[in-house]
Every structure is written in structure tokens, then in C-alpha cells.
Amino acid sequence: MKPFLPFLLLPLVAAPSPRFAAEDKDVVQDFSKPLAAPWSVTSKTWKVEGGELRGTGDGALDYAGPLGPDFTLTFRAKTSEKANVEVKLYDETGAKELYTFAFLGKYHSVLDGVKSCILKGERFVNVDPKTWIYPGRTFDLEVRRAKGQHQMFVNGALGPFFVDEAPPGGTQFRLKILVSCEGKDDAVVIDDVKIVAKK
Amino acid sequence: MRAAVAIALTAAGCAATGARALPEPPDPPARTEWHAEPVFEKAWSANVVVYNHADASLALGPALALLQTQYDWLAEYTSSAPGRVIVHVGAQYPCGFSMSGADGGPPELFLQAGSIFDSQANYAHEMTHGFAFHWGALPHWFAESIADAAYADAEIALWKRRKEAPFLATFDRIDHRSYGLMRLRLRYGAGYFPRVFRLLEARKAERERALASGAPLETKNRFLLALLSEAAGEDLLPLFTREFGFDLRTRERQRGY
């Protein structure tokens, strides 16, 4: 069986990102103001309200970059029902999906459980059964990338990790935070998104 | 260390030849299927007893000398030694492993016959477990990682098969099971783990309480992190929690296990 996450959303952004160098400074999105480029959302139900990004049902927060190859992404997420939160890393055009860092909250039939995992392209490269997310709690989620090495953390605890011996070329990337819910009315909250570039 | 090898060779005993410069050590109780395997030969030196369960064609002398050399180095490295270790050599073991001694007896190592003459194959790792049993019920992450550290340091300092910088670099990747403690070895140098072990020996009463088999995992982890910090000369708790994702309440296994 081809290992894939059936809930993954297709990349919706095909327009090329601005061609300027990935800045070597931190990026903070605390949703204190309306979203502006390079930030955007893919669902009409997802809106900035009360200093948070709130929505219902599936959606994604897109950061069109530029994002350098080495970074630490942290954010907070809460869902009212079982849901999966994924961080996807794309090439600079947004057309090619490079990695998926999936914080699962729903049962996955291939993984046979609710687990966290890393995919390179469409292939699983690491799965951790000890870290997962569940409804009603705000989770501090983190993805680190440095020199082709990737780590995921849930509330500060180490989850899956992966060293890519053949990392993709390119020095600029873009990313999305996607949430896939069980129902279209399930509430989603995302807040305090921070990208710390590797100095 | 070369002198120690020579002494071990000349002082070795061997049931097969009857040359018994040292009195024959007693056999351990046959408490597992591995103990119950036939013994083709038994040999011993000052601190090591070897049982050949694998094949009559194996000559135990060279392996015994190497194991005694490993023992002598490890005794200095860890600031402690159990007095004697028992080494079983078998052809059916799925991997190298070890267990604490029965009824207060010496710790027992089980090494695979196919690599018994290769001192880089589990000698330091499994013998470190044998030396560490008396420290208490160590969490898996600590027990396995100090065994990996001892292997690395033995390769560099004792057997001299590896150069320090390039060899330690092979451990410096986040998917290595001992990434955390090997980061400390890189940061604090060759004397770091001997300092940790000296502290473990010095804090006997505290150690026995904190590392008792029924002690909470968090108690064990806090004690070990305090020791690691003291040996480092700085508080390592932020490094472990923020950098390594180490949860004091739940971390029992190594990375990836």
C-alpha cells in the first residue's frame, strides 16, 4: 500500500514567491493585526479574531517566505475535536512538497494509531508513537531543521526525528500549517507562530 | 596498558590445560537458557572468566587477554569495578547483552562468538553495563548512552583505532540514540564521563536512594541530571529540556527506542 496521508491538502499556492534572499531574522505572527503578505489562509472560515487565528473545518496558514533552509518553527494549536496538524515544507515556488511534519490527532490506518510522523515527499521516514495531540488542549508544537536534520517536539518533548542524507537543493523554502478536522464545523485555533532563522 | 595485557596472559587460568596460576572461580547458577548451553572451555584471568559455549575450535586465550585489558581500562574510566566479570561466548545470541550477577555474584556478559576476537564488538559497551549494575536501576537512556560513551572513549584512548574529532562527529547527529550524552562528551572533553562516574561513586547514599529500583523515574532523572551538571560545571537542565526535548517525568528510553 502506498504510504500517504489521505487527509493532506494539495498545495494551493502555485504563484512564485518574491525572489529575495531568505532573511536572517526571526518572523513572528501573533495575529494582533489582519493577515498580510507573505501570510495568507486557504479557508474562508479561518479569520484573525481576538489575537488568534480562528476557524472551523479544514484549512491552512500559508507562509510564502522567504524561508532559509535552517530554522525553528514554533506555534500553538488547539482543536475542538480530533484533528491532525501538519507542517509542510515546500520548495520556493510552492509547487513541490518536500517534507511533512504531522502531529496527528486522528487514527491513521497505515500507521495503525494516533502518532506523530515525518514524511519526505510521500514516504514515511520516521514515526513516533509517544507523541500525539488531542481535542480541547492547546499544544505547543515545534519543528526544527538544521543541516538536513529534522526534529519535531510536542510540548517540549522530543517526537520524531530524521536526518536526510540527500536533502533537496535550494536555499529558499516556504511552509504551511495545515489542519484537517473530522467535521466542517470543528473549531481550530492557531496562535503565536514564530520562525527563528538559524543564525 | 600493555603491561596489564602481559600480566593477564601470564596469570590466566584454563580448565582445559590445567594451568592454574589463579584459583578457579565458581560457576554462576544456570538461570537462563544461555547458561544451560554446553561449555567447551572455561578460562579465567585476574578479573575475567570466560565460558566458551560456541565451538571447541575457539582459542579463548587471546580473547581473555583482550577482555582483561578492557576491564583494566574500564576500571580506571569508571572509578569502580565489580571485582570480576563473567563472559559467556555463544553462537546463538541475537546480540550482545548483559545481566547483573545472580545472588550478588559477578555481572555476566553474553558476547557473540563470531566477533569474540574483535575488541570493538561489544567489549566496552557490554562491560560498561556490567560495571554499572551496582549503581542502581538506571533509566535506559543513561545506561545505554554511558555504554556508548565508554565504547567511543575506549576506541580513542585504549585501542587507538579512531581519531577523536572525526569519530565523535559520527555521534553528532540527532538520530543517534546517544545524541544527548555524546553532545556532552563533545562539549566537555575526554575527562567528562570519568568525572561523572567519580561523582556517582562519591554520592553512594544519595545514589542508592535515587536509583533504587522502586524510585520514581523523575527522581532518577533529576539525580542523574544533577550529576551530569556538576561534572559539567553548569546547569544542564535547560539544555536537556529545551534542546533535547527531555521530559524529566517521562524520559526512560533512549532516542528512537
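Brief remarks on what is shown
- Answer residue from region B:149-176, given it is among the β-branched types (Val, Ile, Thr) and surrounded by 15 or more Cβ atoms within 10 Å (Cβ to Cβ) and is modelled with the highest pLDDT among those: B:Ile156
- Within region A:145-153, none of the residues are touching a residue at least 40 places away in the same chain (Cβ under 8 Å), in a loop (DSSP other than H, G, I, E, B), among the charged types (D, E, K, R) and surrounded by 14 or more Cβ atoms within 10 Å (Cβ to Cβ).
- For region A:156-176, the set of residues classified as open to solvent by less than 30 Å² (accessible area, probe 1.4 Å) and more than 8 Å from chain B (Cβ to nearest Cβ) consists of A:Pro160, A:Asp164, A:Phe173, A:Arg174, A:Leu175, A:Lys176, listed by residue number.
- Of the set (1) under 19 Å from the mean Cα position of the chain (by Cα); (2) surrounded by fewer than 21 Cβ atoms within 10 Å (Cβ to Cβ); (3) in a helix (DSSP H, G or I); (4) not aliphatic (A, V, I, L, M), all apply to B:Gly180 but (2).
- B:Asp235, sole failed condition from (1) buried (at least 21 other Cβ atoms within 10 Å of the Cβ); (2) over 29 Å from A:Asn126 (Cβ atoms): (1)
- For region A:120-143, a residue qualifies if it is within 14 Å of another protein chain (Cβ to nearest Cβ) and either aliphatic (A, V, I, L, M) or open to solvent by 50 Å² or more (accessible area, probe 1.4 Å) (or both), and the qualifying residues are A:Lys120, A:Val125, A:Val127, A:Pro129, A:Lys130, A:Trp132, A:Asp140, A:Leu141, A:Val143.
- Residues that are more than 21 Å from the chain's Cα centre (by Cα), at pLDDT below 75 and not in a loop (DSSP other than H, G, I, E, B), drawn from region B:3-42: B:Ala3, B:Ala6, B:Ile7, B:Leu9, B:Thr10, B:Ala11, B:Gly13, B:Cys14, B:Arg20
- Note on region B:230-248: residues that are within 14 Å of chain A (Cβ to nearest Cβ) and not in a helix (DSSP H, G or I) amount to 5.
- Meets criteria (under 20 Å from B:Ser213 (Cβ atoms), touching a residue at least 24 places away in the same chain (Cβ under 8 Å), open to solvent by less than 10 Å² (accessible area, probe 1.4 Å) and not small (Gly, Ala, Ser)) for B:Ile146: yes
- Restricting region A:43-79 to residues that are open to solvent by 50 Å² or more (accessible area, probe 1.4 Å) and under 14 Å from the mean Cα position of the chain (by Cα), the residue that is farthest from A:Ala197 (Cα to Cα): A:Asp58
- Residues within region B:107-137 that are open to solvent by 30 Å² or more (accessible area, probe 1.4 Å), under 13 Å from the mean Cα position of the chain (by Cα) and touching a residue at least 40 places away in the same chain (Cβ under 8 Å), tallied: 3
The values are calculated or read from the model by the stated rules, or taken from the named source; none is laboratory data. Quick caveat: nothing in here was measured; it's all calculated off a predicted structure. Every residue, glycine as well, gets a Cβ built from its backbone with ideal geometry; the counts of neighbours run over all protein chains shown. Note: accessible area is taken over every heavy atom of the protein model, side chains too, but ligands, DNA and RNA are not part of it. Shrake-Rupley method; radii C 1.70, N 1.55, O 1.52, S 1.80 Å.
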